[in-house]
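A.B. asks: I have a structure I would like to understand better, so I am pasting it below and will then ask my questions one at a time.
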Amino acid sequence: MERLLQHLKNIYDLNPELQVALQESFQQVSLSKGDYLIREGKTCRHLYFLEQGCLRGFYQVEDREVTHWFGFENDFVTSFHSFITQQPAIENIQLIEDCRLWSISKDRLNGLLASHHKAERLLRMAYEQYYIRLEERYVNAQFKSASELYEDLLDRTPHIIERVPLGYVAAYLGMSQETLSRVRSRLAH
């Protein structure tokens, strides 16, 4: 819980009342590698703070999985569309490593937002960070070559290469595993 509180304090100042309310509202969840946080077709009713571990969000497209994001320590993760709209998720979220998370239900979060103005600001700032990452991914996918995408990944988030299977990385970058292997080989020389 201390890591979650410290992360939130880095975003915005927390008063003592809000800290207590947060501690009472979040529940610790431990899941194993390969488990699913949410499956396509199920409604996501929780927002999670990832304290330890790694996971991925992916779509099932015909006979293949298309990874579109990764979550690591200090990330807020959920199927945002499903969580916000309370409609069934169109994505899956699967653990790549064993994970320790802190979970808050939609109802508890709404209660916090109603009773603590600073909680509203915290949530807005977390959503802004998510939106910025989403827009950066979209722009990169539209305007960068495979080599540029991989180099950008190495520059900005090299831990992905160290912790995520290359097949997921290739799907995340929008290329085949063979193309990723060629790009990696070219850059190595």
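The values are calculated or read from the model by the stated rules, or taken from the named source; none is laboratory data. A quick note: this is a predicted structure, and the numbers were derived from the prediction, not measured. Cβ placement follows ideal geometry from the backbone for every residue including glycine, while neighbour counts extend to all protein chains displayed.
A.B. asks: Of the conditions (1) modelled with pLDDT of 95 or more; (2) under 30 Å from A171 (Cβ atoms); (3) among the aromatic types (F, W, Y); (4) buried (at least 19 other Cβ atoms within 10 Å of the Cβ), F26 clears all except one; give me its number.
C.D. replies: It is condition (2) that F26 fails.
A.B. asks: Just wondering, is there one or more residues in the stretch 37-54 that are acidic (D, E), exposed (fewer than 14 other Cβ atoms within 10 Å of the Cβ) and more than 27 Å from R156 (Cα to Cα)? Steps first, please.
C.D. replies: The initial filter retains those residues of the stretch 37-54 that are acidic (D, E), namely 40, 51.
Imposing the further condition that a residue be exposed (fewer than 14 other Cβ atoms within 10 Å of the Cβ) reduces the set to none.
The answer is no, given that none of the residues of the stretch 37-54 is acidic (D, E), exposed (fewer than 14 other Cβ atoms within 10 Å of the Cβ) and more than 27 Å from R156 (Cα to Cα).
A.B. asks: Can you name the number of the only condition in (1) more than 20 Å from V169 (Cβ to Cβ); (2) surrounded by 17 or more Cβ atoms within 10 Å (Cβ to Cβ) that N92 fails?
C.D. replies: (1)
A.B. asks: Restricting to the stretch 25-50, and then to whatever is in a strand (DSSP E or B) and under 15 Å from the mean Cα position of the chain (by Cα), can you tell me which residue is nearest to P165 (Cα to Cα)? Steps first, please.
C.D. replies: Taking the stretch 25-50 first, the residues in a strand (DSSP E or B) are 27-31, 36-38, 43, 46-50.
Now narrow it down to the ones that are under 15 Å from the mean Cα position of the chain (by Cα): 36-38, 46-50.
Values: Y36: 17, L37: 19, I38: 20, H46: 27, L47: 25, Y48: 23, F49: 23, L50: 19 Å.
Out of the qualifying residues, it is Y36.
A.B. asks: Please go through the stretch 27-84 and give me each residue that is touching a Phe, Trp or Tyr at 6+ places or on another chain (Cβ under 9 Å), among the acidic types (D, E) and within 13 Å of C99 (Cβ to Cβ), ordered by number.
C.D. replies: Selection gives E51, D75.
A.B. asks: Another question, if that's okay. Select from the stretch 134-157 the residues that are surrounded by 14 or more Cβ atoms within 10 Å (Cβ to Cβ), of a type in the set (D, E, K, R) and either in a helix (DSSP H, G or I) or in contact with a Gly (Cβ under 9 Å, 6 or more places away or on another chain) (or both) and list them in ascending order.
C.D. replies: Once the filter is applied, which keeps residues that are surrounded by 14 or more Cβ atoms within 10 Å (Cβ to Cβ), of a type in the set (D, E, K, R) and either in a helix (DSSP H, G or I) or in contact with a Gly (Cβ under 9 Å, 6 or more places away or on another chain) (or both), the stretch 134-157 yields R137, E151, D152.
A.B. asks: State all residues of the stretch 95-133 that are exposed (fewer than 13 other Cβ atoms within 10 Å of the Cβ), aliphatic (A, V, I, L, M) and within 17 Å of F70 (Cβ to Cβ); if no residue qualifies, say none.
C.D. replies: I132
A.B. asks: In the stretch 158-183, which residues are loosely packed, with under 13 Cβ neighbours inside 10 Å and either polar (S, T, N, Q) or not in a helix (DSSP H, G or I) (or both)?
C.D. replies: The answer is P158, P165.
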